[in-house]
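Every number in this text was worked out from the coordinates using simple rules, so none of it is lab data. This one's a predicted model, so the numbers in the text were calculated from it and none came from an experiment. Virtual Cβ from ideal backbone geometry, glycine too; neighbours counted across all protein chains shown.
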Amino acid sequence: MEFFKDKHVLVTGAAGFVGSHLVDALLGFGAKVTGVDNLITGSRANIGHLRDNENFTFIEADVSEKPDGYLPKEVKLDLVLHFASPASPPRYQENPVETYLVNSQGTHNLLQFLKDNMPDTRFLFASTSEIYGDPIEHPQKEDYWGNVNPNGIRSCYDEAKRMGETICGVHERDFGMDVRIVRIFNTYGPRMDMSDGRIIPNLISQARENQPLTIYGDGSQTRSFCYVSDLVRGILLMASKPNLSGETINLGNPIEELTILQTAESIKKVLGKPELQLEFKELPCDDPTRRKPDITKAQLLLGWEPEVGFVEGVGRVI
Ligand code: NAD
Ligand code: UDP
């Protein structure tokens, strides 16, 4: 992607799962990258291989704070990818205040900083399929407003992402800035924190240790699983194409909509361990019953389609 050559890109959440893959791809396309992370759920190990890369600078800071406090005075940015936020339900529920702040106040502070200092800088916000809540429409199109509990255990995350989208909309409409939103559906791949409690790390870790696979509820709920390289390609297309300001786009893999029981069976198969037992546990409150992206818009605007199937992707993680 020629667009990124010699561009200066700020990636928040750079030491996280998705953020670190974005940084690698951007550097590969010739960009200069500044990564910011406070390591609340990320890890220095995810960016350790970039220690001697002269095109990468890492700043340890909290992006809920004002950027004047952590960015060098002379900084000139072409693009900001705002990916900082805990993302796993156990992790965001352990850090509810930090989660709602980074998605609301953090988004506000970044956009206000750009408005005041470099209003032509493009901004892309990592939103989520969680903004659709427990969706009544299936699959979910971008014009669906969702079915969200505003004061449930997931709301520190999903309502904060909705607020983040609101803040993006205000800066795009009212202040004429180039602001874009991607709504990311369940994504997995190497560098996921294997202890963060999400379904794929949990099942893979349990299977490797010959432990029973934990299924919450009866396992009939669905998720659509996207491999990280497909996601990163979609994000970078969304960030680089002209004339997409104000657009919101779903990124996820609709072909790989699996029930949680099918997910467990698939992981057993890939690991060659059909004998593993299932352990049923209580379904967490407000757990969405099904989730699948309609990606027509991404196909039309970006020419994007996911390419990596679930079995292949899980094999790569293992
Ligand atoms: P992750 O937890 O691996 O990465 C998030 C990173 O943000 C971590 O390195 C964390 O330390 C950092 N961070 C959090 N709060 C911060 C703050 N205040 N200041 C600086 N850094 C902070 O999660 P991920 O899966 O890589 O998710 C990345 C982004 O993508 C998040 O915004 C998440 O909401 C979004 N997303 C991810 C998925 C997915 O399936 N992976 C799905 C939907 C949305
Ligand atoms: N889940 C499960 N067993 C686990 C972890 C998660 O059955 O060990 C379920 C969880 O209840 C949800 C789905 O798997 O229905 C996906 O959970 P995850 O935390 O990965 O992401 P979510 O899509 O809920 O944010």
query = Using a Gaussian network for the chain with springs between C-alpha atoms less than 10 Å apart, which of these wobbles most: ILE136, ILE184, ILE200?
reply = ILE136
task = Find which of GLY146, THR214, PRO254 sits farthest along the positive direction of the dipole of the chain, computed with +1 on the beta-carbon of Lys and Arg, -1 on that of Asp and Glu, about the Cα centre.
result = PRO254
ask   = Does anyone have the angle between helix 228-240 and the longest principal axis of the chain? Alpha-carbon axes, 0 to 90°, nearest 10?
value = 30
task = Describe numerically, in nm with one decimal, the distance between label points set 7 Å from Cα along Cα→Cβ at ASP6 and at ILE318.
result = 4.7
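Give me the number: length gained by fully extending GLU74 to PHE280, i.e. 0.36 nm times residue separation minus the C-alpha to C-alpha distance, one decimal in nm. If you can, show how the numbers build up before the last one.
On the way: separation 206, 0.36 × 206 = 74.16 nm, distance 5.49 nm.
Full extension of this stretch gives 68.7 nm more.
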Sorted by Cβ density within 10 Å, fewest first, the residues GLU2, GLU165, GLU279 = GLU2, GLU279, GLU165
note = When all Cα-Cα pair distances of segment 220-261 are considered, the percent exceeding 17 Å is 43
request  = Largest first and in whole Å, give the semi-axes of segment 98-243's equivalent ellipsoid, each being the square root of 5 times a Cα gyration tensor eigenvalue.
outcome  = 31, 18, 15
ask   = Do you know the relative contact order of the chain, to the nearest whole percent, from alpha carbon pairs under 8 angstrom that are 6+ apart?
value = 17
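With a 10 Å Cβ neighbour count serving as the proxy for reagent exposure, in which order, fewest first, do MET163, MET177 appear? All intermediate terms of the calculation are to be shown ahead of the outcome.
On the way: MET163 17, MET177 21.
Going from least to most buried by this count: MET163, MET177.
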Gyration tensor (Cα) of the chain, equivalent ellipsoid semi-axes in angstrom = 31, 21, 19
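Rounded to the nearest 0.05, what FRET efficiency do ASP52 and ASN243 give with R0 = 25 Å and r taken as the Cβ-Cβ distance? Could you check? Before the final figure, lay out each step's value.
Numbers: r = 38 Å, r/R0 = 1.51.
About 0.10, to the nearest 0.05.
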task = For a footprinting-style exposure proxy, rank SER155, SER220 by other Cβ within 10 Å, fewest first.
result = SER220, SER155
message = Calculate the FRET efficiency for LYS269 and ARG290 from the Cβ-Cβ distance with a Förster distance of 22 Å, rounded to the nearest 0.05.
response = 0.45
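Give me the one-decimal Kirkwood hydrodynamic radius in Å for segment 1-90, with the sum taken over alpha-carbon pairs.
Working: mean 1/r = 0.0763 Å⁻¹.
That comes to 13.1 Å for segment 1-90.
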note = The extension gain from LEU39 to GLN93, computed as 0.36 nm times the residue separation minus the Cα-Cα distance, is 17.8 nm
remark   = Sorted by chain and number, the residues with a modelled amide H under 5 Å from that of GLN140, at a separation of 5 or more or across chains, are LYS292, ASP294
Point-charge dipole on Cβ atoms (K/R +1, D/E -1) for the chain, about Cα centre, debye to 20 = 400
remark   = quick shape note, segment 164-215: Cα extents on principal axes in Å, largest first -> 55, 21, 14
ask   = Over the chain, what is the percentage of antiparallel beta bridges among all DSSP beta bridges, to the nearest 5?
value = 10
inquiry  = Can you give me the angle between helix 155-173 and the longest principal axis of the chain, using Cα atoms only, in degrees from 0 to 90, rounded to the nearest 10?
reply    = 30
